[in-house]
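The values are calculated or read from the model by the stated rules, or taken from the named source; none is laboratory data. As the structure is a prediction and not an experimental result, all values here were calculated from the model. Cβ placement follows ideal geometry from the backbone for every residue including glycine, while neighbour counts extend to all protein chains displayed.
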Amino acid sequence: MNVSCLADLEALAIDKLDHNTKTFYQAGSMDMITRDQNRTSYDKIIIRPRFLNNVKKIDTSINVFGDTFKSPIFYAATGMQRMAHNDGEIGAARSACKHDAIYCLSSVSNHSIEEVAEGVQDLTITGENKSVKWLQLYVLEDLKISLDLIKRAEEAGYRGVVITVDTPYVGRRLESIRNTFRTPDHLQLGNFQKYKPGKHFIDSAKKGAKKKQNGNYTIHPIDASMTWEDVKFIKSQTKLPVLLKGILTYEDAELAVDHGFDGIIVSNHGGRQLDTVPATIDALPEVSAAVNKRIPVFVDGGILRGTDVFKALALGADAIFVGRPVLW
């Protein structure tokens, strides 16, 4: 089968992946209404074409926090990428580097912050490629570990921090529960190997501490008490740009600007958190209106075609992130 689009790529990937892995990657929360609407909402948006403009030469470049990229298409944070391919996050980061795109590393990656940084160094030696990496961060109950992750990212040359705000608790993903999702025994969460196992972070059940379990995928507490003042404090601890990921409303977008954050990613976690929240493309216009170009606004979720990218940019996004397609 010749791959002509991302839907073809997904079909091939689903055919190759084991049931455990594809269920984990495809799952949305509860009835998966939001997951599916992320896609179908794009299909409902009609493009009003204006012709007789010179488009022989076009410029799709974008500047983000001082770095210029050839196109506004970036790589979103997705967890445990070695379940899809042994190269995992290193392979994805190398791809982003070769395609002149931002790569956002998940906190719950199989390869660590440092391993990913080292894994792309050879591509940047000549100066022809640049590797711009951001760290996606869950704020844990033990704040010292979250702050240490930021410090490690700074030391490894990362250029931004993305705080996920839509996960005070992990979403109820019925397909993963029905199939008793298990992380492969040979994989680990690379960013947390230096910390003492137990109550502080997300890790594999084989560590043996007291944990809430879903199969052997174990959830240590993310800080469910996190407030605007808490994330503002975290921002004060780094000189890197700090973005908030998971903003879906006008009100929260205004608060993000008021609290001094450097950017927003309109996201519903790929429909994996709270079901029946808006599709991201439906939430984008009000977030964009609230921000009013004061800080960059990005969007992810359901983006499969160039026309989807165009629609997102037309509705106020500065650039877009793709998640699952990178896994496929």
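Things worth noting here:
So that you can scan it fast, the table gives a plain yes or no per residue for (1) farther than 22 Å from I145 by Cα; (2) among the aliphatic types (A, V, I, L, M):
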{"site": "F65", "(1), (2)": "yes, no"}
{"site": "E89", "(1), (2)": "no, no"}
{"site": "S95", "(1), (2)": "yes, no"}
{"site": "C104", "(1), (2)": "no, no"}
{"site": "V108", "(1), (2)": "no, yes"}
{"site": "V120", "(1), (2)": "yes, yes"}
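- Scanning the range 155-184 for residues that are part of a helix (DSSP H, G or I) and crowded, with 17+ Cβ neighbours inside 10 Å returns a single hit, S176.
- Candidate set from the range 57-82 (those that are of a type in the set (S, T, Y) and out of contact with any strand residue (DSSP E or B) (no Cβ under 8 Å at 6 or more places or on another chain)); member that is surrounded by the fewest Cβ atoms within 10 Å (Cβ to Cβ): T60
- Residue under evaluation Y42, criteria (1) among the hydroxyl-bearing types (S, T, Y); (2) in contact with a Leu (Cβ under 9 Å, 6 or more places away or on another chain); (3) in a strand (DSSP E or B), criterion not met: (3)
- Filter pass, G271 being closer than 16 Å to T40 by Cβ and modelled with pLDDT under 95: yes
- Among the residues of the range 17-37, the one identified as under 12 Å from R324 (Cα atoms), charged (D, E, K, R) and either over 18 Å from the mean Cα position of the chain (by Cα) or surrounded by fewer than 23 Cβ atoms within 10 Å (Cβ to Cβ) (or both) is K22.
- Residues that are over 18 Å from Q136 (Cβ atoms) and part of a strand (DSSP E or B) were ranked within the range 186-216; the one that is modelled with the lowest pLDDT is S204.
- Neighbours by Cβ (under 9 Å, 6+ apart or cross-chain): first from the range 5-21, under 20 Å from T180 (Cβ atoms); second charged (D, E, K, R) and outside any loop (DSSP other than H, G, I, E, B): I14/K22
- Qualifying residue in the range 60-82 (condition: in a loop (DSSP other than H, G, I, E, B) and more than 24 Å from the chain's Cα centre (by Cα)): no
- Filter result (more than 17 Å from L244 (Cβ to Cβ), buried (at least 18 other Cβ atoms within 10 Å of the Cβ) and hydroxyl-bearing (S, T, Y)) within the range 106-152: S109, S112, S131
- Taken over the range 1-16, residues that are surrounded by 14 or more Cβ atoms within 10 Å (Cβ to Cβ) and part of a loop (DSSP other than H, G, I, E, B) amount to 0.
- Some residue of the range 307-323 being under 17 Å from F69 (Cα atoms) and surrounded by fewer than 19 Cβ atoms within 10 Å (Cβ to Cβ): yes
- Qualifying positions in the range 83-104 - more than 14 Å from Y158 (Cα to Cα) and outside any helix (DSSP H, G or I): A84, H85, N86, D87, H99, D100
- Where helices (runs of 4 or more DSSP H) fall wholly inside the range 225-314, the ranges with 3 or more residues that are in contact with a strand residue (DSSP E or B) (Cβ under 9 Å, 6 or more places away or on another chain) and within 16 Å of V161 (Cα to Cα) are 228-236.
- Search result, residues across the range 138-154 that are in contact with a Ser or Thr (Cβ under 6 Å, 6 or more places away or on another chain) and outside any helix (DSSP H, G or I): Y138, V139, L140
- Once the range 248-287 is narrowed to residues that are within 14 Å of the chain's Cα centre (by Cα) and of a type in the set (A, V, I, L, M, F, W, C), the residue that is surrounded by the most Cβ atoms within 10 Å (Cβ to Cβ) is V266.
- Among the residues of the range 93-105, those identified as among the small types (G, A, S) and either in contact with a strand residue (DSSP E or B) (Cβ under 6 Å, 6 or more places away or on another chain) or within 16 Å of L240 (Cβ to Cβ) (or both) are A93, A96, A101.
- Unmet criterion (only one of (1) among the hydrophobic types (A, V, I, L, M, F, W, C); (2) in contact with a strand residue (DSSP E or B) (Cβ under 7 Å, 6 or more places away or on another chain); (3) on the phi > 0 side of the Ramachandran plot) for L52: (2)
- When we screen E141, E155 for residues that are of a type in the set (D, E), in contact (Cβ under 8 Å) with a residue 60 or more places away in the chain and under 27 Å from K235 (Cα atoms), the only hit is E141.
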